[in-house]
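These notes concern the structure reproduced below.
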Amino acid sequence: MGDDILLVEDLGDGVRRLTMNRPDRLNALNHPAAEGLLAHFEGLRRKTDVRVVIIRGAGRAFSSGADLKAGGTPEALRDGPNGDWVLRDLMKAMRACPQPLISTVRGAAAGGGLAIALASDVILASESAAFHPAFINIGLSGSELGVSWRLQRMIGLSKAREMLLAGRPLLAQAALDAGLVSAVTPEAELDDQGLALARDMVRAGPDALRLTKRTLDLALETGSFDAAMEAEERAQMLMIRARSRG
């Protein structure tokens, strides 16, 4: 895909691994990479054979964000002055796809790379992981691509605003302490840990994964405990009926 700018591996049992493959640029996001990611996640919405997706970066970084060195070339991100349409649509496509998404982060997850990690359902980090807001450090607004919405919910108002207003990175252990990541692993164990988590997830039925992800997302949006319980109950009724028919 795009001269292997994205690598797709189907690892069996419905587990897919997607690798951003520009290690010489720390997996920076140019237009072909952004378009490729968007097309991939939009295509997952009706792929019932893919049940969990692991996202990683090739080499020593997850993604350094927008490829600033591509400016003035055909590969430059094209939507910046008018709005980050492709990257914005990518964030929405990641949240809309029914499969749980696991980001395995080693090295930098900066700017748009941070946004991709935050759009996942679970983040695992290696000891070298560093989560950089980056936007404000290059003269932009500190909040972009849904980062303000997700980060404040994940690590709390004060810590999130410290990161976004001061452009301060969150290193692996601090990210674990703040609840941004589920685990920190030695470098050599990160891929295995991500695969093990995906294998645990696919033990559940496909509809159970899909409905659980949907109700978890709805619980973040809903305004009350009762409304969240109502959504959970409807999902559970669908599962009970499906099992009784089976």
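The values are calculated or read from the model by the stated rules, or taken from the named source; none is laboratory data. No experiment lies behind these values; they were computed from the predicted model shown. Virtual Cβ from ideal backbone geometry, glycine too; neighbours counted across all protein chains shown. The area values use the complete protein model at the heavy-atom level, side chains included, leaving out ligands, DNA and RNA. Shrake-Rupley method; radii C 1.70, N 1.55, O 1.52, S 1.80 Å.
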At Arg245 and Gln173, where each label point lies 7 Å from the Cα along Cα→Cβ, what is the point-to-point distance in nanometres? 5.2 nm
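Return the percentage of antiparallel bridges among DSSP beta bridges fully within the chain, rounded to the nearest 5 %.
Working: 7 of 28 bridges.
Bridges in the chain are about 25 percent antiparallel.
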Of the listed peptides 18-24, 52-58, what is their order by residue-averaged count of other C-beta atoms within 10 Å, with the highest listed first? 52-58, 18-24
Please check which bits of region 11-27 a label hung off Asp49 would reach, taking the label as a point 7 Å along Cα-to-C-beta and the cut-off as backbone N under 20 Å. 11-19
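Sorting check: for 133-139, 111-117, which peptide has the highest mean count of neighbouring beta carbons within 10 Å, and how do the rest follow? The partial results should precede the final answer.
Numbers: 133-139: 17.7, 111-117: 27.9.
Result, highest mean first: 111-117, 133-139.
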Which one is right for this structure if percent of Cα pairs over 35 Å apart is calculated from it: [x] 6; [y] 30; [z] 13? [z]
Sum -39500 (n - 2.57) across every DSSP H segment of at least 4 residues in the chain, then divide by the residue count to get the 222 nm mean residue ellipticity, nearest 500. -13500 deg cm²/dmol
Residue-normalised accessible area of the chain, given per residue in Å² at a 1.4 Å probe: 50 Å²
